[in-house]
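Here the structure comes first, spelled out in structure tokens, and everything after it is commentary.
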Amino acid sequence: MVKKRSKKKTGTTRKAAPRKTAKRKTAGRRKSKARRSAAKPSRFARLFRLALLVFGAALGLLVPWTIYLDHEVRSEFEGRKWDLPSRVYARPLEFFSGLALTPEMLRVELAAAGYKESASPNRPGQFSANGGRFEIYKRAFRFPEGEEPEQRLAVSISGGRVASISTRGGQSLALARLDPAEIASIYPLLREDRTLVRLEDVPPLLVTGLQAVEDRNFKHHHGVDPRGIARAMMANLKAGQAVQGGSTLTQQLVKNYFLNSERTLVRKVNEALMAVILEWRYDKSAILEAYINEVFLGQQGATAIHGFARASRFYFDQPLDRLEAGEIALLIGMVKGPSYYNPRRHPERARQRRDAVLAMMAETGILTEAQANEAASRSLGVVDAPSAFGQKYAAFIQLVRRQLAREFAEDDLKTEGLRIFTTLAPSEQTAAQDAVSQGLRSLAQAGLPASLEGAMVVADVSSGEVRAVVGGRNPGSGGFNRALDARRQVGSVIKPLVYLLALEHQGEYSLVTKIDDEPITLRQPNGQEWSPSNYDETSHGEVTLLEALINSYNQATVRLGLEVGVTQLLHRIEQLGVDADIMPVPSVFLGAAELTPMQVAQLYQPLAAEGYAVPLRAVIAVETPGGESLTRYPLRLMPQDRRDAIAVLNYALTRVVSDGTARALPGLIGGQEGVAGKTGTTNDRRDSWFVGYTRNRLAVAWVGEDDNSPAGVTGSNAAMRLWARLFSRIPVEPVETRMPDGAYWGWVDGETGALSDKQCNGAVQMPFVAGSEPAYQSSCLAAMTNTDKEDDDRSFWKKWFGKKN
Amino acid sequence: MTDHSGKSGLAKRTDKHSASLLSLGLTLALALLLSACASAPTPPAPVEDRTEVEREIREPAEDDSEGVQVFPLQNPAVKTLLAQAGEAETSGNYDEASVLLERALRIQPHDPELLQQMAEVQVRKRDYQQALNFAVRSYDAGPRVGEICARNWRTIGLAREHLGDADGAREAESRVGQCMNTRPQRY
């Protein structure tokens, strides 16, 4: 879609223009000089000739030298400037009354979006909190649907939900959304990490402050500033040492291009010449923009930190346009000596320098005295870990890149400055990462291997929007992203699909249909015999489909699988949106199929969404820096044909959690009910899976060893614990129990499975695909129908509406 | 904008100006080029088709149901977005309407009115497959009686007709009638 062509084209226009005009100008200048000298009287002819000779010689040297310098500085200037990184945004937090949100989650969201806590928020980007009552001064932001202005909001939270939203004036609001967190920049792969900004995106305070501190005459000089030099010399003489430099911003820019600490006169002259050339060729704003993106502001290991935007990330973990006055002042102050004023190593020096800059800002009227004092009273605000940016969200960003790779060339993402709107929820990403990291630590304390790894995928059920991706116990871009790339055997996680296929066999199977859980031996395609055993090494005889599924009986499942067929199973997996290369062998019924956590999430999304499949998405919209929409990924439903069978299966999966292999789960999430899920364990306890969903959240957790060695894990002893850690922090909305067309709630005898009635003793409710209910009646029901024929209609009614779903 | 080419080249100032505008112009040019290649927004439907939703779905559904509405309580946030989507729809901005409805569906994914509204916007965008899908979901999630039920089945019928499923369209028509018949169907 976005084509290379555009880049090339803009590139040539950009370069051609100055070159052409430059030539013309040089020629013109020479001509006018010649004319002027020719017009002079010849009275001092000899002297003049001498002067001309000297001038000519100087010109002869200077012109080629200037041309050389011109070439040097121009290639630096133009070669580096223009690659704009794409900016990646999280989903905006939308407040509405009833939104499930705790004060802790809101704090995470605010921090991710760069909001600062303040006693009384009086600028966009600040908030105050008092228990569940938040005052948020939200920033203006341009959403794909349009600009939203800054606004002061009051949000109150109680009982884990948003109770009200209002303006500061007390006017109640139906909804309001925060500007989204910026979660990554996809920038060019240069030697240095760069985060480039355009001048119009640079905070005005930085632009004016920089000039006030470094080059007050910037607007007027021509590259060098004799007055500035004089002033610096005076200051230095007065102080008895070099306290002030007379270099203009332009000279500093040149110095940054050819970083060299050598302080020779030639060097100085060259710098001055190049500065003059730059000023002659380019506009002030272009020079300032280059400076802001170029200036050296620190060192991270072997990598140089160039530019204010990158430095903003490095020191504050925020985009440049979200910095406060004090933070901007600190960065400006650091220009003078990034390592001397390094705020991490020399906080006191850095603070003094910042305060000095703030004082200069106040002195020049850029800030009021009060603003400067207020900023000086704050802490430096420097984050501890410089690598935090991008790391926290790296696993999710990989998913973003993959979704975009289908449509955009990698180069375009890195150079066009696109705005990418994603589905990530910072609070859920943080909670999911904590669940995995802390969960694995606690498993190790409980005696499982300390080397265990884990992964998690969290998605919104109905929209398929991915809210969090955890690629391993340590977040970070360097590591293996297990959520996307670890293809592991899924074990019993696949079983529900075998039962789904059975339930779709109209009239043949219901949840109360009996099957045999007895030893079985099959010949594999490779000629070997295969005799699956149950987890507890026992065969359970005649069991219902429901019992077999919730207890994850292997022998019964294989028998049922043989009835529905392995090719049908693989076909069904494809229909549910997962393209996996699986061998059609009977052991697939027990999960001898390798899938990634992401694929498992896709497999279960249609079940969780009551049969309305959607492809899992990480990106909603992509637009140009100017706000033109390039592409949107709208919600598109793909209804499954047999939503009746899916609804019945969903009920069975809630029973897995209430009475089956996952029955420890409700206790782990504070007794919340209405979760559906399935555990999975593979041979020799190598993999632990848990897939669980509520009405609005689906999450897949996996635990195992990277080298696939036996790890002592089961679905319920490991992955389910991680899952529970996440969901104990999220309010659960119980899964839908209402049946769609084609399925209904009936009554059966709990003992015999015979059709029964609400009024009968021992009757239990059971969902059925219409036509699959047991053909035989319980004695109680038989007696009722015989004695009460004319009441048939009413009892039918009761079957349908007499119970609360 | 002519400065960009550098052809005007009047004086040094203009050149400098153009050099600086270059940075801005570059972005603008880029934006234009990119947008030229972006997927075109849905063209507004011709005037006579605009009423398809009213003519085939909303008005008859109101008649079918004698105005009986069975709505769940709606969140004020959803109401606000629904109203905005309605405005966008009326002024022919169907893409905007569907973005707003999607935003509302993030808040209440099972709201039958939202889902049906989305189905109707899809009809206007002539994406009959998605119109069908959203209408079916609305029916599943909804009260399955009253006006919204009639709108569901009328949309389903209309979409099936456009998709060439004549039998399905006829079935849908018969289902419209059952929306006022609170007695469930036998299987």
Euclidean distance of C-alpha centroids, region A:569-631 and region A:106-144, integer Å: 36
Rounded percent of accessible protein surface that carbon and sulfur make up, region B:47-179, 1.4 Å probe: 47
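Quick one: order A:Met598, A:Met784 from most to least accessible surface, probe 1.4 Å.
Details: A:Met598 25, A:Met784 50 Å².
Sorted by accessible area, descending: A:Met784, A:Met598.
Chain A: Rg/Rh from Cα coordinates, Kirkwood Rh? It would help to have the intermediate numbers written out before the result.
Working: Rg = 34.9 Å, Rh = 31.1 Å.
Here the Rg-to-Rh quotient is 1.12.
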Average partner coverage of A:283-289, which counts Cβ from other chains inside 10 Å: 5
Relative packing of peptides A:196-204, A:483-491, A:307-315 - highest average C-beta neighbours within 10 Å first: A:307-315, A:483-491, A:196-204
Inter-site label distance for A:Glu574 and B:Glu59 at 7 Å from Cα along Cβ, in nm: 4.7
Those residues of region A:717-746 for which accessible area with every protein chain present is at least 50 Å² below the isolated value (1.4 Å probe): A:Arg738, A:Asp741
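Heavy-atom accessible area per residue, chain A, 1.4 Å probe: how many Å²?
Accessible surface, normalised per residue, equals 43 Å².
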Complex-versus-alone comparison for region B:86-115, residues with a loss of 30 Å² or more in accessible area, probe 1.4 Å: B:Val99, B:Glu102, B:Arg103, B:Arg106, B:Ile107, B:Pro109, B:His110
Residues of region A:48-66 with amide N under 14 Å of a point placed 7 Å along Cα→Cβ from A:Val266: A:65
Computed E for A:Arg345/A:Arg487 - FRET, C-beta separation, R0 56 angstrom, nearest 0.05: 0.80
Label-point separation in nm, A:Ala57 to A:Ser75, each point 7 Å along Cα→Cβ: 3.1
Cα-based helix-to-principal-axis angle, A:204-214 vs chain A, degrees rounded to 10: 40
Buried area at the B-A interface (accessible, heavy atoms, 1.4 Å probe, summed, Å²): 5500
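Counting only protein chains, not ligands or nucleic acids, how are B:Cys179, A:Cys780 ordered by accessible area (probe 1.4 Å), most first? Please report the intermediate quantities before stating the final value.
Working: B:Cys179 0, A:Cys780 45 Å².
Final ranking, largest accessible area leading: A:Cys780, B:Cys179.
Would you mind giving the mean number of other chain beta-carbons within 10 Å of the Cβ of each residue in B:118-126, as a whole number? Walk me through the numbers before you get to the answer.
Details: counts 3, 1, 0, 0, 2, 0, 0, 0, 0.
Across B:118-126, the average partner-chain Cβ count within 10 Å equals 1.
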C-alpha center-to-center spacing [region A:346-377, region A:680-697] in angstrom: 55
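Divide by every residue of chain A the summed helix terms, -39500 (n - 2.57) for each DSSP H run of at least 4, and state the resulting mean residue ellipticity at 222 nm, rounded to the nearest 500 deg cm²/dmol.
On the way: 27 runs with 331 residues, N = 805.
Result for chain A, helices only: -13000 deg cm²/dmol.
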Sequence ranges A:324-335, A:106-117, ranked by mean other-Cβ count within 10 angstrom, highest first: A:324-335, A:106-117
Heavy atoms of A:Arg231: accessible area, 1.4 Å probe, square angstrom to 10: 120
20 Å Cα-Cα threshold exceeded, pairs from A:Lys495/A:Lys678; A:Lys138/B:Lys79; A:Lys116/A:Lys138; A:Lys268/A:Lys336; A:Lys255/A:Lys284: A:Lys138/B:Lys79
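For region B:47-179, rounded, prolate or oblate, judged on the Cα gyration tensor with a ≥ b ≥ c (square roots of eigenvalues), a/c < 1.5 rounded, else prolate if a/b > b/c? Don't skip to the answer; put the middle values down first.
Values: a/c = 1.65, a/b = 1.22, b/c = 1.35.
Judged from the Cα gyration tensor, region B:47-179 comes out oblate (a/c at least 1.5, b/c at or above a/b).
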With all protein chains modelled, accessible area of A:Arg695 [1.4 Å, Å²]: 60
Fraction of accessible area attributable to carbon and sulfur, region A:580-711 (%, probe 1.4 Å): 45
Exposure of A:Asp283 as accessible area (Å², to 10), given a probe of 1.4 Å and all protein chains: 30
Peptide-level mean, for A:166-176, of C-beta atoms on other protein chains within 10 Å: 2
Label point distance in nm, A:Thr785-A:Ala163, each placed 7 Å from Cα along Cα→Cβ: 5.5
Spatial separation of Cα centroids for region A:45-81 and region B:110-174, in angstrom: 77
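The values are calculated or read from the model by the stated rules, or taken from the named source; none is laboratory data. Nothing here was measured: the structure is a model prediction, and the numbers come from that model. Quick reminder, even Gly has a Cβ in these numbers, built from the backbone with ideal geometry, and neighbours come from all protein chains shown. Areas reflect the complete protein model, heavy atoms only, side chains present, ligands, DNA and RNA absent. Shrake-Rupley method; radii C 1.70, N 1.55, O 1.52, S 1.80 Å.
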